[in-house]
1. State whether the residues of region 303-316 include one that is charged (D, E, K, R) and assigned to a strand (DSSP E or B).
2. What is the residue count in region 185-222 for residues that are within 25 Å of the chain's Cα centre (by Cα) and among the β-branched types (Val, Ile, Thr)?
3. From Thr263, Thr255, grab the single residue that is assigned to a loop (DSSP other than H, G, I, E, B), of a type in the set (Ser, Thr, Tyr), in contact (Cβ under 8 Å) with a residue 40 or more places away in the chain and over 29 Å from Asp127 (Cα atoms).
4. Give the residues of region 302-342 that are of a type in the set (A, V, I, L, M), in contact with a strand residue (DSSP E or B) (Cβ under 9 Å, 6 or more places away or on another chain) and more than 19 Å from Gly252 (Cα to Cα), sorted by residue number.
5. Within region 107-165, considering only helices (runs of 4 or more DSSP H) that don't extend past its boundaries, which have at least 1 residues that are under 16 Å from Leu198 (Cα atoms) and at pLDDT 90 or above?
6. Working only within region 211-231, note down all residues that are among the small types (Gly, Ala, Ser), loosely packed, with under 12 Cβ neighbours inside 10 Å and in a helix (DSSP H, G or I).
7. Based on this model, can you work out whether Ile367 counts as within 26 Å of Gln307 (Cβ to Cβ), buried (at least 17 other Cβ atoms within 10 Å of the Cβ), hydrophobic (A, V, I, L, M, F, W, C) and within 32 Å of the chain's Cα centre (by Cα)?
8. Taking only region 239-256 into account, find how many residues are charged (D, E, K, R) and under 16 Å from Ser394 (Cα atoms).
Amino acid sequence: MSNKLYVIGIGYKPFDKRAREIILNSDVILASNRLFEVFKEYDEFEAVKDKLKVINNVNETINFIHALPQHSSTPASPVVLLASGDPMFFGIGRRAIREFGKDMVEILPDLSSVQIAFSRIKEPWDDTFLMSLHGGPDPEKRRRLPYEMDDIPSLLQRHNKIAILTDRENNPSKIAKVLNLSPIAHSLLPVMFVCERLGYQDEKITEGSPEEIAGMMFSEPNVVIIQRSAINSQPSAIAFGLKENEISHSRGLITKDEVRAVTIHKLRLPQKGVFWDIGAGSGSVSIEAARLYPELKVFAVEKDKEQINHIEENKIRFNAANIEIVKGEAPDALNGLPLPERVFIGGSGEMLKEIMDYVIKTQVKLIVVNAATIETINDAVQCFENHGYNIKISEISVSRAKTIGGKRHMSALNPIFIITGEK
């Protein structure tokens, strides 16, 4: 292809002067069957209908453009690819530029479907998380989608609104069912808007709860908007840095703030995956990790009944639905858990060697052990050395000011050693 490719968005407003001139002077106009039907409503359709070629598959469309003659009868005449709305909003514009280069492609956008959707429900959208579940028939595109449907509840925990481009498989009813099954979503009391066939004469807007939407059928194409209820419209301002007095615990049995901060830093937690917190105590590390990474699955393993009660209370208090409490003594309690990306051992009783042997067999790449005694340090280091882990040891000494007799005096807490094993 030597002629320039113009990717022109359609669907919501008439062509401007420049887009109209390009359309009328084009060599060939490519469109999917759906966009062909949309284009029929445009004034320019009759004048150019003989130039239209309908191809429904994206890869076939790209291959057709690649195969166009290097020299057409009118060298300056353009090739037009019709796109839905804004081609650069989860659209074909990105693929066109990747295939043909920025110098050979020009984008002329229409309004996006999300813009139209928010105008219909009369809500601002500058605080909205935008995502696409529109994979179409291309399995490669589906694999590249950065978020999946199961991620929606945790995304809603962090954003006031989510706008979703759907497709036949990832449809509004299926999205609503995911929300219905999520404790996170239930606590946020979301409202759903399904905006069907925007720009068509039969466009329709449906508002309802996930329970209501889950039982309905909707026409394509459609856009889904999920909005947190007014009483839950502000995500928590603090993602990390809970104070000890905010976390339910007893008898001072809690990982201190300063130690907790360093421990989580050493863990280098992933956005997604599985994290084991063994000997979780009151669950302070689990709670911080779960709030910091809502898409991370946290398993808080604890044997003490009183501590388990604290974890349960903290899980509810901080809406940490991505924590699963495992009641029992490690390593036996670890049987059957999904394999971890990270492991923290904060409490082990007299079972550290057995726990570490079990954990290391999972092939986990990074383990953090907190130790208050020399014996625990020695056992941890020996296990790491025996299995070829690179070892780093940090010692955390914290002193806090106390007021005595009107003056502040520094009082030292017991030092904690943080042993990191990494492969």
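1. Residues of region 303-316 charged (D, E, K, R): 303-306, 312-313, 315.
After this cut, where a residue has to be assigned to a strand (DSSP E or B) as well, the list is none.
Looking through region 303-316, none of the residues is charged (D, E, K, R) and assigned to a strand (DSSP E or B).
2. Summing the residues that are within 25 Å of the chain's Cα centre (by Cα) and among the β-branched types (Val, Ile, Thr) in region 185-222 gives 3.
3. Numbers: Thr263 fails: assigned to a loop (DSSP other than H, G, I, E, B).
Sole residue among the options that is assigned to a loop (DSSP other than H, G, I, E, B), of a type in the set (Ser, Thr, Tyr), in contact (Cβ under 8 Å) with a residue 40 or more places away in the chain and over 29 Å from Asp127 (Cα atoms): Thr255.
4. Initially, region 302-342 is screened for residues of a type in the set (A, V, I, L, M), giving 308, 311, 316, 320-321, 323, 325-326, 330, 333-334, 337, 339.
Those left that are additionally in contact with a strand residue (DSSP E or B) (Cβ under 9 Å, 6 or more places away or on another chain): 308, 311, 320, 323, 325-326, 330, 333-334, 337, 339.
Within region 302-342, Ala320, Ile323, Ile325, Val326, Ala330, Ala333, Leu334, Leu337, Leu339 meet the criteria.
5. On the way: elements: 113-121, 139-144, 152-158.
Filter on region 107-165 gives 113-121.
6. Answer for region 211-231, where residues must be among the small types (Gly, Ala, Ser), loosely packed, with under 12 Cβ neighbours inside 10 Å and in a helix (DSSP H, G or I): just Ala230.
7. Numbers: within 26 Å of Gln307 (Cβ to Cβ): yes; buried (at least 17 other Cβ atoms within 10 Å of the Cβ): yes; hydrophobic (A, V, I, L, M, F, W, C): yes; within 32 Å of the chain's Cα centre (by Cα): yes.
Yes, satisfied.
8. Restricting attention to region 239-256, the residues satisfying the condition of being charged (D, E, K, R) are 243-244, 246, 251, 256.
Narrowing further to those that are under 16 Å from Ser394 (Cα atoms): 256.
The number of residues fulfilling the criteria is 1.
The values are calculated or read from the model by the stated rules, or taken from the named source; none is laboratory data. Note that this is a predicted model, so its numbers are computed, not measured. Cβ sites come from the backbone with ideal geometry, for glycine too, and all protein chains shown count toward neighbours.
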